[in-house]
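A short write-up of the structure that comes next.
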Amino acid sequence: MISVIVSSLGILRESKSLNLSEDGKVIDRALFSADKSISLIDRLLTFSRCKKLAPELVEINELLEGLYEVIGFATDEKVKVVLALTDKPLYTYIDPGQLETSIINLCINSSNAIQSNGTIKISTEVNAADRLTIRVEDNGHGMPKNIQGRVFEPFFTGRKKGEGHGLGLSMVYGFVKQSGGSIDLESRVGQGTMISISFSLKQI
């Protein structure tokens, strides 16, 4: 339905009968709102596990190395991003695009929690149960215990009003769960936060 609205607005935008100075602005605002709605629905579908994923065999360390520069652009310039990856390649079946989006979301959240110079550490490891883990850790302001249990809820945010929509972590949560993974959070006020996401390791 929203796609039909966007298409119709686009056609209307090109109409020669419009007053571009006034009508054009109204249509542009409507198009912007429609695009935001599509993005919101996409995130909610992921959270509710209704979004269809496209898993494939992915080498996790290679994916993270490829994201390094993108994360640098997405986070505050005062924040240092560090990779601490295993020497051995780590393979799993996962939707690479959604995983990249999730890692970027986690890093942006970490960057927002760092008020001055700080560090975001992205690491990988494998445990004895053949589960691979990706950790995103920061030395930001941390979270009080009373909100830690709510951070994965859609629309919940610990930031000031107007500074966030509260969907980043809920989207990550939905994607990880839909992919058969697990997600854990550890945080201490004044010390920082670490979020770990784990998936089944594929032996090659």
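None of the figures in this text is laboratory data; all of them are computed from the coordinates on show. Given the structure is predicted, the values throughout are model-derived calculations rather than measurements. Methodologically, a virtual Cβ is constructed for each residue, glycine included, from the backbone with ideal geometry; neighbour enumeration extends over all protein chains shown.
Side notes on the structure shown:
- Under Karplus coefficients 6.51, -1.76 and 1.60, residue-wise ³J(HN,Hα) of segment 57-71 in Hz, glycine/proline x: 6, 10, 8, 5, 4, 5, 4, 5, 4, x, 8, 3, 5, 4, 4
- Percentage, to the nearest whole number, of Cα pairs in segment 56-200 over 18 Å apart: 54
- Label sites at Q191 and L63, each approximated as a point 7 angstrom past Cα along Cα to Cβ, lie 3.0 nm apart.
- Simple spin-label estimate for Y93 and K78 gives 4.6 nm between the two label positions (7 Å along the Cα-to-Cβ direction from each Cα).
- Put a plus charge on the Cβ of each Lys and Arg, a minus charge on the Cβ of each Asp and Glu, and nothing anywhere else: the dipole of segment 56-200 about its Cα centre is then about 760 debye.
- Listed residue pairs exceeding 24 Å between alpha carbons, taken from K121/K145; K88/K145; K52/K177; K88/K202; K52/K121: K88/K145; K52/K121
- HN-Hα J in Hz across segment 132-142 - Karplus 6.51, -1.76, 1.60, θ = phi - 60°, x for Gly and Pro: 8, 10, 10, 10, 10, 10, 10, 10, x, 6, x
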